[in-house]
Amino acid sequence: MDHFQYKNGEMYAEAVPIREIAAAVGTPFYCYSTATLEHHYRVFADAVGGLDATVCFAVKANSNIAVIATLARLGAGADVVSSGEMKRALVAGVPASKIVFSGVGKTSGEMAAALKAGVLHINVESLPELETLSGVAASLNIEANVAIRVNPDVDALTHEKIATGKSENKFGVDWADVPATYARAAQLPNVHATGVAVHIGSQILDLEPFRKAYGRVAGLVGALRAQGHIIGHLDLGGGLGIPYGDEHPPTPEAYGAMVQSVVGDLGCQVYFEPGRLISGNAGILVTRVIRVKQGVSRSFVIVDAAMNDLIRPTLYDAYHAIEPVTEAPADGEQPVVEVVGPICETGDTFGAPRALPVTAPEDLLVVRSAGAYGAVMASTYNTRPLVPEVLVNAEAFSVVRDRVTVDDMLAREQLPDWLSNGDRLRRKAGS
Ligand code: LLP
């Protein structure tokens, strides 16, 4: 479900014509829908509402502060993996008491920042990390609330680059080492390991891997309690998939019912970290056709967005639906074309050849399902500045991140003395 739909032959974001936003901000740009974000958050929160649950939006999926603030107003917490993300969540109004700090490579500086901010809990992924955290917490005289992220060795049946719960992945404490890790935590000063965390991957389209992993966690909680550990909370991660095309992911309701049946009796507070499910279909990338080039075997629709703006098709062979902003006639011609960006790599494509209504230069196209892992994964390759992000709310829209300019980028670079010949001064003087 989303609020990017045709009305009278034109695509709208909620009540705003996409064409109007394009005229105001130029292309390419990301566009997010408040109503869609809110809907997805509410559906998920309701689906797990039978538990003592907190939904912590995985900020890595979309870290624009306006997006985070939209969700924070509904009561969402945040799952963050860097002090940068933590700052965003705090600036956006998420109370520290609803922030979970995850990540396999937290630095001591990040641990200190998280502890000083007073985050809810820190997910620890190894014994050395636990030892370091204890040291940092002791030096600050702060008690750290900790969940140990365990690796349940479960295949999430998703793309190999986004599977995280197999024993060969870098994430979490190996299953066999889990009891010793809690035992060590119990000896260390300033850490309270009262939680168990697990996250097995992303874009998961089947409930079974979740059921397996959560079942293992439930068994573990019993074993840890039998050993005298006080376990009061679970962090069950994110990962529930969304439809990009014709996928049929489990519904949040089915997921919630499964979680209830597997861990509902443990008497734990339960945290969830969904990212894609909430923001994925709440965002689109709007791009303009530069020209159409006839190749030997197909024609290329060359657009002004590229792999630097949305890397998912290039990196994961991910499918994103592409639609024209002006609705094509139902019986119109649909030539098979490849939509590509201007970057000097063959991988700079928005998908394998596919049928698309006839397009001409200046036409606007929409790349759907780009609200998660879109803008956040953008780069400036080929000196292509980061594109703006726009948030729509009913009939209003607002630029929530400005377009970066090439001058902004160059202002952060300088020649060393031995190359400068006064160049920097000239540039500063605007010449
Ligand atoms: N929690 C943890 C510890 C995670 O590592 C992740 C995602 C999430 C929560 C959120 O997962 P979600 O609900 O969004 O599936 N860039 C890739 C996805 C990488 C996901 C990494 N971890 C993509 O574009 O498909």
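The values are calculated or read from the model by the stated rules, or taken from the named source; none is laboratory data. Computed from a predicted model, the values in this text were never measured in an experiment. Glycine gets a Cβ as well: all are built from the backbone with ideal geometry, and neighbour counts include every protein chain shown. To get the accessible areas, we keep the full protein, side chains included, count just its heavy atoms, and leave off ligands, DNA and RNA. Shrake-Rupley method; radii C 1.70, N 1.55, O 1.52, S 1.80 Å.
Its alpha carbons considered, the stretch 1-68 gives a radius of gyration followed by a Dmax of 15.1, 46 Å. Beta bridges from DSSP with both residues in the chain: antiparallel share about 45 percent, rounded to the nearest 5. For ARG401, the residues whose modelled amide H falls within less than 5 Å of its own, excluding neighbours fewer than 5 places apart on the same chain, are GLU389.
Roughly how many Å is it from the Cα centre of the stretch 31-98 to that of the stretch 282-313, as a whole number? Spelled out, the Cα-based centre of one part sits 31 Å from the other. For the chain, the share of accessible area belonging to carbon and sulfur comes to 52 percent (1.4 Å probe, ligands and nucleic acids excluded).
Scanning residues 5 or more positions from SER299 or on other chains, those with amide H under 5 Å from its amide H are GLU338, with H placed 1.01 Å from N in the peptide plane. The charge dipole of the chain, taken about its Cα centre with unit charges on the Cβ of Lys, Arg, Asp and Glu (plus for the first two, minus for the last two), comes to roughly 940 debye. Computed with a 1.4 Å probe over protein heavy atoms only, the accessible surface of the chain comes to 43 Å² per residue. Name the residue farthest towards the positive end of the dipole of the stretch 175-322 from the options ILE284, MET258, PRO243, assuming +1 on Cβ of Lys and Arg, -1 on Cβ of Asp and Glu, about the Cα centre. The listed residue farthest towards the positive side: ILE284.
Between VAL292 and VAL43, the modelled labels are 3.4 nm apart [label points 7 Å from Cα along Cα→Cβ].
Multiplying the residue separation of SER261 and GLN414 by 0.36 nm and removing their Cα-Cα distance gives an extension gain of 49.2 nm.
Gain in length, ALA360 to VAL91, computed as 0.36 nm per residue apart minus the alpha-carbon separation, to one decimal in nm?
On the way: separation 269, 0.36 × 269 = 96.84 nm, distance 4.25 nm.
Residue separation times 0.36 nm, minus the Cα-Cα distance, leaves 92.6 nm.
The distance between label points at LEU140 and ALA176 comes to 3.5 nm (points 7 Å beyond Cα on the Cα→Cβ vector).
Shape analysis of the chain yields a ratio of the Cα radius of gyration to the Kirkwood radius, Rg/Rh, of 1.01.
In this structure, the amide hydrogen of ARG288, modeled 1.01 Å from its nitrogen in the peptide plane, lies closer than 5 angstrom to those of ASP304, ALA305, LEU365, counting only residues at least 5 positions away or on a different chain.
Between the listed residues TYR214, SER97, CYS56, the Cα displaced farthest toward the positive end of the dipole of the stretch 33-279, a dipole computed from Cβ unit charges relative to the Cα centre, is found at SER97. Across the stretch 299-309, rounded Karplus estimates of 3J(HN,Hα) from the backbone phi angles (6.51 cos²θ - 1.76 cosθ + 1.60, θ = phi - 60°) give 9, 9, 8, 8, 10, 8, 9, 8, 4, 6, 7 Hz, Gly and Pro being marked x.
Accessible surface of PHE4, taken over heavy atoms with a 1.4 Å probe and every protein chain present, rounds to 0 Å².
Per DSSP H run of at least 4 residues, take -39500 (n - 2.57); add these up for the chain, divide by its residues and hand me the 222 nm value, nearest 500 deg cm²/dmol. Walk me through the intermediate numbers first.
Values: 14 runs with 129 residues, N = 431.
For the chain, the value works out to -8500 deg cm²/dmol.
Summarising the label geometry, the points placed 7 Å from Cα in the beta-carbon direction at ASP402 and HIS192 lie 4.5 nm from one another.
Across the stretch 275-282, computed HN-Hα scalar couplings (Karplus, 6.51 cos²θ - 1.76 cosθ + 1.60, θ = phi - 60°) run x, 3, 4, 8, 9, x, 8, 9 Hz from first to last residue, x flagging Gly and Pro. Close lysine pairs were tallied over the stretch 33-279: pairs 8 or more places apart or on different chains with Cα atoms under 23 Å apart number 20.
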